[in-house]
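Accompanying notes for the structure given below.
The values are calculated or read from the model by the stated rules, or taken from the named source; none is laboratory data. Here the structure is a predicted model, which is why all the values come from computation and not from measurement. Counting neighbours? That spans all protein chains shown, and the Cβs are built from the backbone with ideal geometry, glycine included.
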């Protein structure tokens, strides 16, 4: 079975309590992930998005929860590197939820006519 086993390796090294080590490992792998998934996004924007995700969890004081989040981060990095995620999953993580253009175009108002409903533009 092909596996990076990052979370297992981190547990053995005693890294689990250190979010900074996880952050550095993620930042180091960003260029490779962008290339693998063919994501056309500036490197600085991706780093800022990941930094924001880490800052959202900065107020957690319980050590067990912090360890769980760090291990979950390692597992997420591992599944990303093994290409178990799809591009849409990463884009949702990096940019948040955005409505695709096609879905926005197909939305109709409550008072749309029958011609609007069957229009193909």
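Summary of values
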read-out: Which numbered condition residue 68 fails, given (1) closer than 17 Å to residue 91 by Cβ; (2) surrounded by 11 or more Cβ atoms within 10 Å (Cβ to Cβ); (3) modelled with pLDDT under 90; value: (1)
read-out: Every residue from region 12-37 that is assigned to a loop (DSSP other than H, G, I, E, B) and modelled with pLDDT of 90 or more; value: 37
read-out: Residue 94 being modelled with pLDDT of 90 or more, touching a helix residue (DSSP H, G or I) at 6+ places or on another chain (Cβ under 8 Å) and part of a helix (DSSP H, G or I); value: no
